Amino acid sequence: FLAHHDMLTELPNRSLCVQRLQDALAQAGATGEQVGVLFIDLDRFKSINDTLGHHIGDGLLRSVAARLTQATRHYDTVSRLGGDEFVVIMRDVEGPAEVLQAVERRLIPLIRQSHAVEGHELNVSCSVGIAVFPGDGGDLDELMRRADAAMYEAKTAGRDMARLYSLETDQRVQARQALEQQLRHALERGELVLHYQPRLDARTGRITGLEALVRWMHPVLGQVLPGEFIPIAEESGLIRSLGAWVLERACSQWRQWQAAPAPGAAPHPLAGLPVSVNLSVAQLADPHLVPEIRQLLSRSGMPARLLELELTESQLMENAGTAQQQLEALKALGVQLSIDDFGTGYSSLAYLKRFDLDKLKVDRSFVRDMLNSAADMAITRAIIALGHTLGLEVIAEGVEDEAALQTLRSLDCDELQGFYFSQALPEDALTDWARAYASRLPLVPGPSLAALPPPASQPA
Ligand code: C2E
Ligand code: MG
Ligand code: MG
């Protein structure tokens, strides 16, 4: 029993799962029946483990195991591969559609119902990938791999759902693997560049800082935006070297802006401004992060308070355990911390108090919709008031027009960032923009800030 079962849940383990699947395939090959393979992975299990402890996490896995058994027929096999990964083998099914229906009507809803674990009512969901023999694969390895790939698609499509394997699944996996391979080389080949987007004081219109945003100048695809490759970098572990490069580049760029001007010339228009860098939570898990930043600061002569680190809300809340210590160490260095995309995650007020933060960035979806939606307006107003009450500065991102600008000023937002002022630009283009902007900025702010600068756009 010990050799073939998982001690925690008493379900069949990987080796028994493989054996059962082999048997099922051998039989199906003879009888012509179809066999469903389900890859099941819990969503955000890590955050439950991190916040409530492994003991509670174990209890949840046992409860999930019981629900999976309840959701399936007695001749199906429910097994645990390890961690929060389960595999179900369904024998003698009619086809993919039937399996998908069973998963969507019975299995997923059963997992969604709350789990009672030692006095806690826990809610969890799962993502499921399905591959069916013989249509989706002729042997064990192929079926397992394809069910896994389909599960991955369910995760990226938003979790808490099931996906059937299809030919496109394979194509997407391959395209992704190719991109990952190329990203590995992109750093060495110097294909990554930083662009910078200005932030402005909502009251005076002055430039208050710059956000560094990474771009990949792909030799064939052209400019690839971070939304496409940062997730790949995070999953493949490349984010550590990529993130280290971004930090290094931003600090040395800052240093260049401080260079003494030629005699008689004005100082660089971006001299003395803070620079913010987006940090992935995966970087926070790296014990070298804090010493590396300390070194970068001393090497570039950048005062710590001029470096701001932006962490997205959802990532931070999902990894609160790991994050806290590192954030404290970063604060001790003197750098500023801001929460990016605020309002899109759990917006946990307890965490706002727990982490020693400096700024909130209102997510641009609220800013975009606030003039057409009373709810988005109320959320924007509430985030600004909440931030101020907690002693935080509030930045609105995604300011695209004069109306948004005026509204945010009237809501007492501190800083603004968006295409209305400037897109993220290469260093030299941003310098030109800042010169033109400074020359037109009045000392006493008029009713409108943005009538002043020519909206900058990216050179082709
Ligand atoms: P973010 O940190 O929230 O950055 C703001 C994003 O909004 C940028 O997209 C920027 O170009 C875009 N944006 C700014 N103003 C406007 C506007 O008025 N309208 C609209 N529609 N969009 C606006 P970008 O550069 O594509 O970056 C996307 C995300 O990728 C960033 O969101 C950030 O989370 C991540 N990212 C960028 N650079 C890095 C990096 O170096 N490291 C890490 N870990 N993540 C990065
Ligand atoms: Mg950001
Ligand atoms: Mg943002």
For the range 274-295, give me each residue that is surrounded by fewer than 20 Cβ atoms within 10 Å (Cβ to Cβ) and more than 17 Å from the chain's Cα centre (by Cα). P274, P287, H288, V290, P291, E292, R294, Q295
I'd like to verify a number: residues in the range 335-363 that are over 17 Å from Q315 (Cα atoms), within 16 Å of ligand 3 (Cβ to nearest atom) and crowded, with 20+ Cβ neighbours inside 10 Å, how many? 1
Among strands (runs of 3 or more DSSP E) completely within the range 1-98, the ones holding 2 or more residues that are in contact with an Asp or Glu (Cβ under 6 Å, 6 or more places away or on another chain) and within 27 Å of N319 (Cβ to Cβ) are 34-42
The one condition in (1) hydrophobic (A, V, I, L, M, F, W, C); (2) open to solvent by 70 Å² or more (accessible area, probe 1.4 Å); (3) more than 30 Å from K359 (Cα to Cα) that L225 fails to fulfil: (3)
Here is a list of conditions, (1) more than 13 Å from ligand 1 (Cβ to nearest atom); (2) within 27 Å of K353 (Cα to Cα); (3) open to solvent by 20 Å² or more (accessible area, probe 1.4 Å), and T312 meets all of them except one; can you say which number that is? (1)
What's the total number of residues in the range 333-374 that are of a type outside the set (S, T, N, Q) and either more than 16 Å from ligand 1 (Cβ to nearest atom) or on the phi > 0 side of the Ramachandran plot (or both)? 14
Members of the range 416-432 that are touching a residue at least 40 places away in the same chain (Cβ under 8 Å) and away from ligand 1 (no atom under 14 Å from the Cβ): E427, T431
Matching residues, the range 196-208, being open to solvent by less than 10 Å² (accessible area, probe 1.4 Å) and within 13 Å of ligand 1 (Cβ to nearest atom): Y196, P198, R199, L200
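Do you know which residues across the range 278-308 are within 16 Å of ligand 3 (Cβ to nearest atom) and under 19 Å from L238 (Cα atoms)? Step through it out loud before you land on a result.
Filtering the range 278-308 down to residues within 16 Å of ligand 3 (Cβ to nearest atom) leaves 278-281, 308.
Answer for the range 278-308, where residues must be within 16 Å of ligand 3 (Cβ to nearest atom) and under 19 Å from L238 (Cα atoms): N278, L279, S280, V281.
The values are calculated or read from the model by the stated rules, or taken from the named source; none is laboratory data. This one's a predicted model, so the numbers in the text were calculated from it and none came from an experiment. All Cβ positions, even for glycine, are placed from backbone atoms using ideal geometry, and neighbour counts span all protein chains on display. Calculation scope for accessible area: heavy atoms of the full protein, side chains included, ligands and nucleic acids excluded. Shrake-Rupley method; radii C 1.70, N 1.55, O 1.52, S 1.80 Å.
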